[in-house]
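Below: the structure, in structure tokens.
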Amino acid sequence: MAQPTGDILIVDDERSMREFLAIHLRRAGHRVEAAPGGNAALATMKEREFDVIITDLRMPDVDGMVVLEQAKKLHSDTQVIVVTAFATTETAIAAMKAGAYDYLTKPFKIDEVSLVVDRALERRFLGRENLALRDEIKGRYRLDRLLGKSPPMQRVFDTLRKTGPGRASVLLIGESGTGKELAARALHELSQRADRPFVAVNCGAIPETLLESELFGHVKGSFTGAYADKQGLFEAAHTGTLLLDEVAELPVAMQVKLLRVLQERKVKPVGGVVEREVDVRIVAATNRDLETEVEKGTFRQDLFYRLDVIRLRLPPLRERREDLPLLVDHFLRKFAAEHGRQVASVDPEAMQALMAYHFPGNVRELENLIERAVILTASDRLTIDAFPSLGGLAVAAPSLTSAPLVPESGLDLERVVEDFERSIIISALERTGGNRTEAARLLGVSFRSLRYRLSKLGITGADVAGEAGDKTPPPAEG
């Protein structure tokens, strides 16, 4: 990767040192000016801005500490490198505390100068990029808590802005971790119901025996453990928005009851006799193909049509890679503030690795990666060493261009897809030591969805090398 070049000012009262550094840095492609002392440097800095200033500390007229102070006052993001000819580095360290980027002790090796200058320029340019990104985030690249400058995300924003003010049901589709709940919240904030309740329910996380009570409420004594009347989530969301997340996980019997509520706009609590009117805007979300579920008979067609008034697909992160710098900067600032860490940037090598990563867990996985890196790093910027998992399972996932060719004799598509799915799931289980909950997180699916796939594909512990069993108990089942 080509090293950055920039505008550099050399400040030193020794002519030989000025000329030596100027010749070397110009050969490296930099634009260089030289000042014979502190006063000349101060005058030059007022006339133009420099990316990097290399200044001697001890000079007869104005010393390097004054040059450093004035440079930071004029242009706070100019990187200043101080040079000292004394054996002790106490003064140089004091200069760093005052805002210098680094220091060099004479005599120094020319390669050392090149390395420090290159790193200073990287910080300078990353700082500028971050400022530009933050301005973009505040403007047209943000909608509520969704971020994106890519064409797919701009289309999402356009649909949300057009759809938000109405009351039509919206079906959000997309892989796990793509931001479906954030899109639902954005719809709510754009609607006339913004000051009313927003209630989200994960249909796959509630045991089947409790679903009706959770959604519609119950009256005291209607079943064992019903010690008091309970308001359901539909009533809690009255006049607001209700997000039915993982809606494909609803049992068919509950789909029938949900359909009636959507048609009649009334709910009847479990054990109750009186129906109660509810005014709720429904937003449903799923990472499964509901049309396929309808064909299989696991999802009611009439409910699908009721939910699918407006359909909005949230693109996976691999389809919007140009949004990665925006998202990385956002999460970096967020977690640096939350955890009290002075981490300000991601170096180019680490960003390149992030850009090449497949991200099966999408934005949620990126968020977790950045938070973990911010907490564990000992540096003020994230290097490739902060992301040890980037060489894992997802990078090896094949692209469409590497798909096997179809032989002249044809093939069994379902079998090929099942074999591939089976190998990926086994690989995830082996990577997590057989922990199914962690494997589900790694694959970006719900625990229940993974368990269904294991059963469908006939995967057992004997298929997984080193299976240690699921160390996390599964969620309660009805």
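Kindly evaluate THR292 against the criterion of being part of a loop (DSSP other than H, G, I, E, B) and either in contact with a Pro (Cβ under 7 Å, 6 or more places away or on another chain) or under 30 Å from GLY361 (Cα atoms) (or both). Judged against the criteria, THR292 is not a match. Would a scan of the stretch 2-21 turn up a residue that is modelled with pLDDT under 90, in contact with a Phe, Trp or Tyr (Cβ under 8 Å, 6 or more places away or on another chain) and among the polar types (S, T, N, Q)? No: zero hits. Within the stretch 300-324, residues that are free of Cβ contacts under 8 Å to residues at least 24 places away in the same chain sit with their Cβ atoms under 9 Å from residues that are buried (at least 19 other Cβ atoms within 10 Å of the Cβ) and outside any loop (DSSP other than H, G, I, E, B), at 6+ positions apart or across chains, in these pairs: PHE304/LEU171; PHE304/LEU290. When the helices (runs of 4 or more DSSP H) confined to the stretch 1-115 are screened for residues that are free of Cβ contacts under 8 Å to residues at least 12 places away in the same chain and either closer than 17 Å to PHE125 by Cα or in contact with a strand residue (DSSP E or B) (Cβ under 6 Å, 6 or more places away or on another chain) (or both), those reaching at least 1 such residues are found at 15-27.
Hey, can you tell me all the residues within the stretch 432-453 that are surrounded by fewer than 21 Cβ atoms within 10 Å (Cβ to Cβ) and part of a helix (DSSP H, G or I)? Result: THR437, GLU438, PHE447, ARG448, SER449, ARG451, TYR452, ARG453.
When VAL32, VAL80, VAL66, VAL62 are screened for being of a type outside the set (Ser, Thr, Tyr) and crowded, with 23+ Cβ neighbours inside 10 Å, only VAL80 passes.
Of the candidates LEU369, LEU390, LEU354, the single residue that is modelled with pLDDT under 85, under 30 Å from ALA120 (Cα atoms) and in contact with a Phe, Trp or Tyr (Cβ under 9 Å, 6 or more places away or on another chain) is LEU390.
Among residues of the stretch 263-293 being of a type in the set (Val, Ile, Thr) and touching a helix residue (DSSP H, G or I) at 6+ places or on another chain (Cβ under 8 Å), the one that is modelled with the lowest pLDDT is VAL270. Contact map, the stretch 430-458: first residue assigned by TED's automatic domain parsing to the domain that holds GLU418 and more than 21 Å from GLY179 (Cβ to Cβ), second residue aliphatic (A, V, I, L, M) and part of a loop (DSSP other than H, G, I, E, B), Cβ cut-off under 8 Å, separation 6 or more or different chains; pairs are GLU430/VAL464; GLU430/ALA465; GLY433/ALA468; GLY434/VAL464; GLY434/ALA468; ASN435/ALA468; ARG453/VAL445; ARG453/ILE459. Here are some conditions: (1) more than 17 Å from the chain's Cα centre (by Cα); (2) at pLDDT 95 or above. LEU314 meets all but one. Which one does it not meet? Going through the list (1) more than 17 Å from the chain's Cα centre (by Cα); (2) at pLDDT 95 or above, LEU314 breaks only (1). Scanning the stretch 258-282 for residues that are within 19 Å of VAL309 (Cα to Cα) and not in a loop (DSSP other than H, G, I, E, B) yields LEU258, LEU259, ARG260, VAL261, LEU262, GLN263, GLU264, ARG281, ILE282.
Within the set PHE157, PHE223, PHE198, the sole residue that is under 31 Å from the mean Cα position of the chain (by Cα) and more than 25 Å from ASP289 (Cβ to Cβ) turns out to be PHE198.
The values are calculated or read from the model by the stated rules, or taken from the named source; none is laboratory data. This is a predicted model, so every value here is computed, not measured. As a convention, Cβ positions derive from the backbone with ideal geometry for all residues, glycine included, and neighbour counts pool all protein chains shown.
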